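The values are calculated or read from the model by the stated rules, or taken from the named source; none is laboratory data. Everything numeric in this text was worked out from a predicted model, so none of it was measured. Note that each Cβ is placed from the backbone with ideal geometry, even for glycine, and that neighbours are counted across all protein chains shown. Only protein heavy atoms, including side chains, enter the accessible area calculation; ligands, DNA and RNA are left aside. Shrake-Rupley method; radii C 1.70, N 1.55, O 1.52, S 1.80 Å.
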Amino acid sequence: MRRHRLVFFSALVLGCGLMWTGCQGPSPADFPLTLGLSPTPPTTSKPTEVPPPPETLVVCLAEEPASLYLYADTNVATDVVLQAIYDGPVDLLDFVYQPVILDKVPSLADGDAAIVPVPVLSGEIYWNPITQLAENLRPGKMYVPSGCENEACLRAFQGGEVQMDQLAADFQLRQGLEWSDGAPLTAADSVLSYQLDGASATPSLKFVFDRTQSYEALDERTVRWTGIPGFVDAEFSGNFWSPLPTHLLGGLSPEEVLDQEQANRAPVGWGPYVVSEWLPGEHILLERNPRYFRAEEGLPAFDRLLFRFVTGGPEAGVQQLLTTECDVLDEAVLLEGRGQPAPAPGLLETLAGYSEAGRLGLAASTGTLVTRLDFNLAPVGLQTHPPAYDRHVREAVDTCLDRESLNGELYAGLGGIPMGGLPPGHPLAGSGQTTPHDPAQANEALAKAGWLDSDGDPATPRLWSGGLGIPPGAPLTFRLTVAEGEAGRTLGQALQSQLAECGIGIVVEATSANDLAEPWPDGPVLGRTFETVIWSWPTLLTPLCESYASWEIPSQSQPLGINATGFTQPGYDAECRSLLLSRPEGERRVEAVQAMGAILAYERPGLSIAAPPRVVAHAPDLCGLGPNPSALTSLWNLEGIR
């Protein structure tokens with residue numbers, strides 16, 4: 001089950017097409033022969049057969065997991081280790097849910113999911129389309145009548161009984177699944193997981209739980225999820241709770257499970273490996289699970305899996321890979337720190353050089369993140385219009401940007417170019433467009449907008465001709481807020497250089513990643529005191545259209561709002577509502593995304609400039625690593641690495 005909206009084929013990637021280096025072993029020339037006396041003739045007795053030593057895959061992590069219990073306070077490293085213990089139960093790959101321990105994922109087309117109208121009375125729990133929360137239906141509250149898919153057909157409750165749509169889906173486990181201790185894995189184990197997740201004592205996100213009316217086992221292998229009325233979840237195919245062993249945890253309270261040693265340090269799973277040792281501060285050792293449901297396929301490929309914890313940052317991790325202390329560096333090892341979208345440019349150049357020399361391999365894909373340059377169209381406390389208030393100025397900035405060059409400079413060409421504000425490969429990005437790089441057009445647009453090149457030197461900012469409350473002669477210069485670190489600094493310098501070609505000045509101001517996310521009113525961005533900002537936003541199945549919706553503008557009445565630009569456009573708001581109300585698997589979703597994309601392409605409250613890569617470094621003789629844009633972790637297929 002996805003853990004929340006912003007966070008996921010089982011087809012094994014064994015080919016080497018994603019690799020920068022081949023999977024062949026060392027050539028004989030790598031092992032020099034020593035010539036000496038002829039060896040002693042062999043005896044006729046048969047030598048004793050000695051079994052080969054177990055093969056061990058060493059994966060290095062950026063930190064030690066805090067716990068291996070699904071619903072504890074976990075970290076990124078936990079997600080990687082849990083891939084080895086559980087495998088699935090559902091993977092989100094290429095933005096499509098794929099079954100792992102299920103026969104299939106449910107769909108409306110196949111009939112194992114259905115939307116039916118149901119009566120809802122005053123006081124009953126339903127999904128409020130305005131707040132997007134589970135609430136009690138009361139007079140005056142807005143609701144989604146049955147069959148409604150847009151803002152125009154929303155209604156205010158007047159009392160009595162109304163009809164709303166309700167979505168239900170059936171999930172069926174594969175036949176013959178077993179826990180690693182031999183107990184059968186059943187639907188009841190998934191129901192237990194749902195109950196533990198929803199307990200108030202459990203420190204987990206409750207997004208799907210709060211929007212679930214019931215989650216019940218229909219038989220030994222089948223679970224039915226039923227959403228609350230009005231919540232027609234476009235991502236319902238992932239609403240399956242990852243099973244937990246009823247035979248071990250069923251008699252414990254949620255508080256007791258949180259404290260249980262086995263649940264936190266050595267949970268029983270169904271995946272390719274079983275935890276055998278955890279030495280705090282050093283490593284976690286796992287052994288092959290003989291009851292793994294894919295064991296007959298020869299998986300996992302290694303007998304043992306060792307997770308080591310790397311200290312000292314990315315450079316230390318790369319050094320340990322080169323000295324064979326690590327076979328694989330998880331993507332988090334290569335980041336400058338938390339909140340960074342991708343490895344620093346300097347490190348990527350170094351890794352590319354080592355890869356070309358055959359000293360290591362790189363596996364990469366784009367991710368779910370899109371890096372945006374957002375403008376502040378309604379700064380707090382400013383009485384005059386900022387330059388970016390003029391759409392033509394924003395259009396000129398967009399046209400002046402060379403995204404291909406940025407991808408090469410920032411990500412060694414491993415990243416991608418967003419399409420219509422979505423990462424490449426997203427199923428809703430097919431009709432998106434990218435603005436072509438055209439400095440001449442940008443300069444012409446700025447001159448028409450009143451920003452003049454007074455000295456003929458493109459390296460100096462253009463000056464304002466007068467009007468709109470902006471002092472004549474004011475330079476066309478923006479303060480650009482970026483995250484601290486090499487990546488933010490390099491991106492800021494690249495934008496300075498590119499936009500100078502069009503007479504647009506940039507003053508880079510670095511701040512911590514935490515400050516970028518600091519909510520209203522203290523944060524420089526969400527507090528709406530910035531001018532322009534570079535930050536990255538995730539996109540999973542449903543685009544996060546709220547980031548430009550007027551009801552999400554941070555303010556005293558909406559302190560947790562995420563639309564820092566202050567952009568307000570009724571047509572965009574209506575299409576965003578339609579996306580959030582649209583039927584799963586329906587054409588209205590596509591239409592809404594296309595309409596919003598067209599509005600953003602014209603208004604440009606923000607510019608999508610890059611899709612940062614997910615990068616895994618590994619030993620040059622390893623195959624099977626396949627980072628995927630939407631997978632929960634780049635090491636989602638640990639069992640297939642060989």
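How big is the antiparallel share of DSSP beta bridges in segment 441-545, given as a percent to the nearest 5? Of all bridge pairs located within segment 441-545, approximately 30 percent are antiparallel. Largest first and in whole Å, the equivalent-ellipsoid semi-axes of segment 408-497 read 31, 19, 13, each the square root of five times a Cα gyration tensor eigenvalue. Please find the FRET efficiency linking ARG291 to GLU124, where r is the Cβ-Cβ separation and R0 is fixed at 45 Å, and quote it to the nearest 0.05. Plugging the Cβ-Cβ distance into 1/(1 + (r/R0)^6) gives 0.55. For ARG489, project a label point 7 Å along Cα to C-beta. Then give me every residue of segment 339-369 with its amide nitrogen under 13 Å of that point. The answer is 344-347, whose backbone nitrogens lie closer than 13 Å to the label point. Where the alpha-carbon atoms of the chain are placed on the principal axes, they occupy 101, 77, 40 Å, in descending order.
Gyration tensor analysis over the Cα atoms of segment 214-308 returns equivalent ellipsoid semi-axes of 31, 20, 14 Å (largest first, whole Å). Sorted from greatest to least, the principal axis extents spanned by the alpha carbons of segment 132-179 come out as 51, 21, 20 Å. Once the C-beta distance of SER200 and SER67 is scaled by a Förster radius of 25 Å, the resulting FRET efficiency is 0.85 to the nearest 0.05. If only the Cβ of Lys and Arg carry +1 and only the Cβ of Asp and Glu carry -1, the dipole of segment 193-345 around its Cα centre is close to 220 debye. Treating each Cα of segment 149-245 as an identical point scatterer and summing with the Debye formula, the log10 of I(q)/I(0) at q = 0.11, 0.20, 0.21 Å⁻¹ comes to -0.42, -1.01, -1.08. Summarised in one figure, the compactness ratio Rg/Rh of segment 265-423, Cα atoms and Kirkwood Rh, is 1.12.
Quick note on segment 538-642: its Rg to Rh ratio, both from C-alpha atoms and Rh being the Kirkwood radius, is 1.12.
At the listed q of 0.22, 0.23, 0.26 Å⁻¹, the Debye profile of segment 420-471, built from one uniform point per Cα, gives log10 I(q)/I(0) equal to -0.81, -0.85, -0.98.
Take the Cα radius of gyration of segment 517-583 and divide it by 2.2 N^0.38 Å, N being the number of residues; the result is 1.14.
For segment 284-366, the convex hull drawn through the C-alpha positions has a volume of 144 cubic angstrom per residue.
The solvent-accessible area of THR435, taken with every protein chain present and a 1.4 Å probe, is close to 30 Å². Can you pull the percent of Cα pairs in segment 361-433 with separation above 18 Å? Tail of the P(r) past 18 Å holds 55 percent of the pairs.
Take the Cβ atoms of GLU255 and HIS385, set R0 to 35 Å, and the FRET efficiency comes out at 0.05. Each distinct pair of alpha carbons in segment 50-149 adds a 1/r term; the inverse of their mean, the Kirkwood radius, is 18.8 Å. Amide H to amide H distances under 5 Å link MET164 with VAL118, VAL120, SER146, where only residues 5 or more positions off or on other chains count and H is placed in the peptide plane. Computed over protein heavy atoms with a 1.4 Å probe, the accessible surface of segment 218-374 works out to 38 Å² per residue.
Annotation: amide H of LEU480 within the under-5 Å range of VAL507, VAL508, GLU509, sequence separation 5 or more or interchain, hydrogens built in the peptide plane. In the P(r) worked out for segment 356-399, what percent of Cα pairs fall beyond 14 Å? Result: 68 percent of Cα pairs exceed 14 Å. Taking the square roots of five times each eigenvalue of the Cα gyration tensor of segment 447-510, the equivalent ellipsoid has semi-axes of 25, 13, 7 Å, listed largest first. In summary, segment 489-550 shows an alpha-carbon radius of gyration equal to 1.33 times the 2.2 N^0.38 Å reference for compact globular proteins. The residue among VAL370, GLY469, LEU177 whose Cα reaches farthest toward the positive pole of the charge dipole of the chain, with charges on the beta-carbon of Lys, Arg, Asp and Glu, is GLY469. Evaluated at q = 0.15 Å⁻¹, the base-10 log of the normalised Debye intensity for segment 70-225, with identical point scatterers placed on the Cα atoms, takes the values -0.99.
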